[in-house]
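Step one of this worksheet: look at the structure below.
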Protein chains: 4
Amino acid sequence: MNLLITGFEPFGGEKINPSQEVIENLPEHWKGLCLHTKLLPVVYDRAENVLFSYLDHLAPQAVLCLGVAAGRASLTLERIAVNIDDADLPDNEGALRQGSLIDRNGPAAYFSTLPLERIRKRLQDHALPSSFSLSAGGFLCNHVFYCLMKRAAENASFLPAGFIHLPALPAQAVFKPDLPSLPLSLQIEGVLCAAEVIGESLL
Amino acid sequence: MNLLITGFEPFGGEKINPSQEVIENLPEHWKGLCLHTKLLPVVYDRAENVLFSYLDHLAPQAVLCLGVAAGRASLTLERIAVNIDDADLPDNEGALRQGSLIDRNGPAAYFSTLPLERIRKRLQDHALPSSFSLSAGGFLCNHVFYCLMKRAAENASFLPAGFIHLPALPAQAVFKPDLPSLPLSLQIEGVLCAAEVIGESLL
Amino acid sequence: MNLLITGFEPFGGEKINPSQEVIENLPEHWKGLCLHTKLLPVVYDRAENVLFSYLDHLAPQAVLCLGVAAGRASLTLERIAVNIDDADLPDNEGALRQGSLIDRNGPAAYFSTLPLERIRKRLQDHALPSSFSLSAGGFLCNHVFYCLMKRAAENASFLPAGFIHLPALPAQAVFKPDLPSLPLSLQIEGVLCAAEVIGESLL
Amino acid sequence: MNLLITGFEPFGGEKINPSQEVIENLPEHWKGLCLHTKLLPVVYDRAENVLFSYLDHLAPQAVLCLGVAAGRASLTLERIAVNIDDADLPDNEGALRQGSLIDRNGPAAYFSTLPLERIRKRLQDHALPSSFSLSAGGFLCNHVFYCLMKRAAENASFLPAGFIHLPALPAQAVFKPDLPSLPLSLQIEGVLCAAEVIGESLL
């Protein structure tokens, strides 16, 4: 069983991205799953193609995309990807998108197909702060999430796929004392909880 | 031209709801529009039918639903209604819904069909704080918004319809000093800005 | 009876300062008081002297200094001025002070000598959002407040004196939708409530 | 060299208090210091006497009091203790104090006598989120801090003494996903940084 787990490169002036740190520190195998980790660019024009090339190449049984939501204090399980790019921040190649559709012919939104309730329960069992979220924002995280779910919807068989937002890391908060953070070890533990539940759902 | 504007009754222990205060203080006529204002119950099981009875009865040319988002500091123009009830708070008849679909056969989401960009521009021209929002939450506001957009989608002709979230009123913040608020006069001015732009879009 | 009410010029890239707008729009007389309004520079090196020249010139029976606390949602009644300049922002002449004493020989702090409890009660009677605050920050507001209270403490007779922080104005939140604001009319009403109670306390 | 480090019992409906968890998990010796850890009650009427009995008994060379500030995201180094009890929450024996002096004959405030700048630098070197704070609140933390500093001021020789506020623990955020937290290991690391710098200052 192959689980593709993606992270993003840093953006917005930050030198690190917790989602990159997490994927670079995951084990290759976990509870019978092969974890394939890949990095995505924070670029509207390229992220989709890079994601799709990984999907084509690996043909994973499930996909978990990760990104950072600086300002959030817990691991947030995204319920829904919306068909809109809408952010105040330009991407890493300077593209600013405000209010434009991701897919002119696509539906307004797709729901995550991950077992979110069971993932949340597992995170709580591990005493990890988590929550459901009804918005993955309007930047690259939601963009990739929407593209992923479009692809999953077109898949011949059911593909568990979805998105989890991570908080900042303590190192990012050293000079931003109001920024909530969660250390890498707990972020990794949380992602492994999710992977475990996804793996169980595939049996 | 008839514009239906709805508000909600109070909920969650509050004695007032800014959206009710606003609709009870709007003029009957505004820039060539007839403003028909109606109150909706904060009850999952009844809100849809009450809304639909108003729509059947009035057959308005456009619909603007209003609700309160305590904690937000500006008028927020909701871009999208999602097919999910998911709230920590029970409705006014005690029903708690967490993670359940609104319409088992409906799409994951509908976009607002109001001219949101022009409304935002008009609000800025009036020096009123506003923003776009990608989530109307998971309580009655989003519930009614989704039902409204489902109905609009089924309409024979295009029906401009959507949702605006209002901040709390100063009176609600007297004993909650951290709660952002905006006085009724500015909230009414903002809703009239929106009505005006909606009216222009109907010409 | 003369009440001196001061405000500050804008700072930190803002074009307006609510405290300046308030003092420029107060009546000259209010409930038997003469309201003398003066503007202070946002400059550590000059603010004290400017304040003291007004005090020398007017010999007021009471003093109320006003400033803005962007991010706060209510009128905040400052209880205490501390003997420290400590801010991340430079003043309007570029001086940055972090952790330096205001008065090398002064006490660590002075309490406000305004009737704060009665002012808060009056604000609540007017349905205006308010709160007590235990910190006026480490920038010019606290600086002037400390200098004022040092002067009041040295005064031969008791001098009611203190500081109230004002929220941002709605116009400042037009492009900062998360910034809480309160319109000028309510800010003025709040300051007149305070003036009224101060006046009553002088009888 | 003896360093007294105190923590508080839980309050406000919480089952744990990070400051208690920290003191119960500190080593007895650290970089040449003996760490003496003691628990304080969250009771206005008793906290001072309990603190003073420890001071009398141990005659420490320095004192560091710890408490929790739920909602803050970093370790906050308190600069100043103010002579006021002023909180919305009753203490663990039901006493509510709002606006009352701690010491009728005491000064308005005392500054911390810990080497806060050096402590902050050490925390930054360890990549730990920290900040200075100009208010320790109006509840038991500030109360004990004020009593401590009064005692230090009365001491024959200089006594380094002060207060650090800790964030919540992740376990406290499991069902409060908006609550910032920092895990116990990092909180302990931060307190040991502070102890280390205090120890160096005693040499």
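The values are calculated or read from the model by the stated rules, or taken from the named source; none is laboratory data. Note that this is a predicted model, so its numbers are computed, not measured. Cβ: placed from backbone, ideal geometry, glycine included. Neighbour counts: every protein chain shown. In case anyone asks, the SASA skips ligands and DNA or RNA and just uses the protein heavy atoms, side chains included. Shrake-Rupley method; radii C 1.70, N 1.55, O 1.52, S 1.80 Å.
Quick look at the numbers
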item	result
Residues satisfying the stated conditions in segment D:72-102, i.e. part of a strand (DSSP E or B) and over 18 Å from the mean Cα position of the chain (by Cα)	D:Gln98, D:Gly99, D:Ser100
Top-ranked residue in segment B:149-184 [being assigned to a helix (DSSP H, G or I) and away from chain C (no Cβ under 13 Å); ranked as farthest from B:Val22 (Cα to Cα)]	B:Glu154
Answer from C:Arg122, C:Arg118 - the residue that is over 25 Å from C:Asn83 (Cα atoms), away from chain B (no Cβ under 14 Å) and open to solvent by 10 Å² or more (accessible area, probe 1.4 Å)	C:Arg118
Number of positions in segment C:189-199 that are over 13 Å from the mean Cα position of the chain (by Cα) and within 20 Å of C:Pro18 (Cβ to Cβ)	5
Any hit, segment B:54-76, residues being within 16 Å of A:Tyr110 (Cα to Cα) and of a type in the set (A, V, I, L, M)	no
Meets criteria (within 11 Å of chain D (Cβ to nearest Cβ) and either of a type in the set (Asp, Glu) or more than 15 Å from the chain's Cα centre (by Cα) (or both)) for A:Leu202	no
Output for segment C:142-160, where each listed residue is open to solvent by less than 10 Å² (accessible area, probe 1.4 Å), closer than 24 Å to C:Asn92 by Cβ and not β-branched (Val, Ile, Thr)	C:Asn142, C:His143, C:Phe145, C:Tyr146, C:Cys147, C:Leu148, C:Met149
Residue tally, condition surrounded by fewer than 15 Cβ atoms within 10 Å (Cβ to Cβ) and in a loop (DSSP other than H, G, I, E, B), over segment C:17-50	5
Matching entry among C:Cys193, C:Cys147 (being in contact with a helix residue (DSSP H, G or I) (Cβ under 9 Å, 6 or more places away or on another chain) and closer than 17 Å to C:Thr76 by Cβ)	C:Cys193
Extreme residue, farthest from the other protein chains (Cβ to nearest Cβ), among residues of segment A:80-105 that are under 17 Å from B:Val82 (Cα atoms) and open to solvent by less than 20 Å² (accessible area, probe 1.4 Å)	A:Asp85
Residue match in segment B:14-33 (condition: more than 30 Å from C:Phe175 (Cα to Cα) and among the hydrophobic types (A, V, I, L, M, F, W, C))	no
The one condition in (1) more than 18 Å from A:Leu75 (Cα to Cα); (2) touching a Lys or Arg at 6+ places or on another chain (Cβ under 7 Å) that A:Lys176 fails to fulfil	(2)
A:Ala194 open to solvent by less than 30 Å² (accessible area, probe 1.4 Å), within 13 Å of another protein chain (Cβ to nearest Cβ) and either of a type outside the set (Ser, Thr, Tyr) or in contact with a Ser or Thr (Cβ under 8 Å, 6 or more places away or on another chain) (or both)	no
Subset of segment A:125-134 [open to solvent by less than 10 Å² (accessible area, probe 1.4 Å) and part of a loop (DSSP other than H, G, I, E, B)]	A:Leu128, A:Pro129
Those residues of segment D:106-115 which are open to solvent by less than 40 Å² (accessible area, probe 1.4 Å) and within 12 Å of chain C (Cβ to nearest Cβ), in sequence order	D:Gly106, D:Ala108, D:Ala109, D:Ser112, D:Pro115
Candidates C:Leu182, C:Leu186, filtered to the one that is at pLDDT 95 or above and either open to solvent by less than 10 Å² (accessible area, probe 1.4 Å) or among the basic types (Lys, Arg) (or both)	C:Leu182
Breaking point among (1) open to solvent by 20 Å² or more (accessible area, probe 1.4 Å); (2) within 14 Å of the chain's Cα centre (by Cα); (3) within 14 Å of chain A (Cβ to nearest Cβ), for D:Ala69	(1)
Check on B:Gly137, at pLDDT 95 or above, crowded, with 16+ Cβ neighbours inside 10 Å and closer than 23 Å to A:Asn83 by Cβ	yes
